[in-house]
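Here is the structure we will look at, set down as structure tokens.
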Amino acid sequence: MRYRPLGRTGVQVSTLALGAMNFGAVGRTTQAEVDAIVRTALDAGVNVIDTADHYSRGQSEEMVGRAIAGRRDDVVLATKAVLPMTDQPNHRGASRRWLTRALDDSLRRLGVDHVDLYQVHRWDPETSDDETLSALTDLQRAGKIRYFGSSTFPAYRIVQAQWAAREHALSRYVTEQPSYSLLQRGVETHVLPVAQEYGLGVLVWSPLASGWLSGAVRAGRPITTNRTSFLPERFDLELPVNRTRLDAVERFAAVADEAGLTLVQLALGFVTAHPGVTSALIGPRTLEHLHDQLAAAETVVTDDVLDAVDAIVPPGVDLAPGEKMDDPPSLLDARLRRR
């Protein structure tokens, strides 16, 4: 396993980090399966576990907490808040009121007295940066979090938050967690350069593109990813966007074959090759998935292979723009762009 500094924090983190979204109801995993996945990942040198309160409505955090009992000091533990936890209008968002409550709930579920990295799961347009940063700074000073970061923020919001921290003499976000893969390269245009400019650690999610790059989606074969049960439109091969993705996957598979790599190794090696990326978040649902992904821990993708990748999906291009999840709210709700 290789390690890199998490931004400018001085903390060393593994280039593969364990994402826990599949733990619990979403991935239909049992506690015994989670225990085995976490134990195997830690024994392989993974030292980051990333979860969120929203994952299976807290179940993921509970399972992670049980799995790391006795090994807390081996783990850089990260979780997130902001996405809705109930139908109540104030059980979500980035206000001081909710973040304070949400963190206490996460600590209880995880069975710990602090988390190493607390992340704002999405930008909350209804809450000012200074409100959120002030709350996070106070939680940090109280010892409940060591650092805090953002997730899936547009580049201009990353810049705005850095400015607000300086303007109001508050602690700043030290990490960003964007979606990045062979198929979704839009963050190369602005997000990754901005993260590098501000010295942010970058933990990329969905480097296997929800299963598209795991081998679960191949031409002429049944689709085997669990995601089809709750995101069927992403795998409907009648849709032009998905036919385009499938064509790219087949071409990437050929590049990987030529280079003596698996498709998973190419996909994970590609994202960790970018100088702005700290770690790639892998989200195994089974031990078999984990072993396939750990095989990429020391993969180094050569320049000629990266050139071949660029010829298939050019730098800065998203093959599925509708899945970016960082669009300004006014692009998603017509009422916000009309007077």
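The values are calculated or read from the model by the stated rules, or taken from the named source; none is laboratory data. This structure is a prediction, so every number in the text was calculated from the model and none was measured. Note that we place each Cβ from the backbone using ideal geometry, even for glycine, and neighbour counts take in every protein chain shown. Protein only, heavy atoms only, side chains kept; ligands, DNA and RNA dropped before computing areas. Shrake-Rupley method; radii C 1.70, N 1.55, O 1.52, S 1.80 Å.
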Which listed residue, of 278, 262, 286, 299, is open to solvent by 60 Å² or more (accessible area, probe 1.4 Å) and of a type in the set (Ser, Thr, Tyr): 262
Is one or more of the residues making up the range 291-303 touching a strand residue (DSSP E or B) at 6+ places or on another chain (Cβ under 6 Å) and assigned to a loop (DSSP other than H, G, I, E, B)? yes
List every residue pair whose Cβ atoms sit under 6 Å apart, with the two residues 6 or more apart in sequence or on different chains, where the first one lies in the range 167-188 and is without any contact (Cβ under 8 Å) to a residue 60 or more places away in the chain and the second, anywhere, is open to solvent by 30 Å² or more (accessible area, probe 1.4 Å) and among the charged types (D, E, K, R). 168/130
What pairs can you find where one residue is in the range 135-157 and in contact (Cβ under 8 Å) with a residue 12 or more places away in the chain, the other is open to solvent by 10 Å² or more (accessible area, probe 1.4 Å) and assigned to a strand (DSSP E or B), and their Cβ atoms are less than 6 Å apart, with a gap of 6+ or different chains? 146/116
Segments classed as strands (runs of 3 or more DSSP E), wholly inside the range 1-101, with at least 1 members that are β-branched (Val, Ile, Thr), without any contact (Cβ under 8 Å) to a residue 60 or more places away in the chain and open to solvent by less than 40 Å² (accessible area, probe 1.4 Å): 48-50, 76-81
For the range 130-222, list the strands (runs of 3 or more DSSP E) that sit wholly inside it and hold at least 2 residues that are modelled with pLDDT of 95 or more and more than 14 Å from the chain's Cα centre (by Cα); which are they? 145-151
List the pairs whose first member sits in the range 215-238 and is under 25 Å from residue 261 (Cβ atoms) and touching a residue at least 40 places away in the same chain (Cβ under 8 Å), whose second member is basic (Lys, Arg) and not in a helix (DSSP H, G or I), and whose Cβ atoms are under 7 Å apart, counting only residues at least 6 apart or on separate chains? 226/285
Can we say residue 156 is surrounded by fewer than 22 Cβ atoms within 10 Å (Cβ to Cβ), among the aromatic types (Phe, Trp, Tyr) and within 30 Å of residue 133 (Cα to Cα)? yes
Looking only at the range 307-329, which residues are part of a loop (DSSP other than H, G, I, E, B) and either open to solvent by 40 Å² or more (accessible area, probe 1.4 Å) or under 26 Å from residue 150 (Cα atoms) (or both)? 314, 315, 316, 317, 319, 320, 324, 325, 326, 327, 328
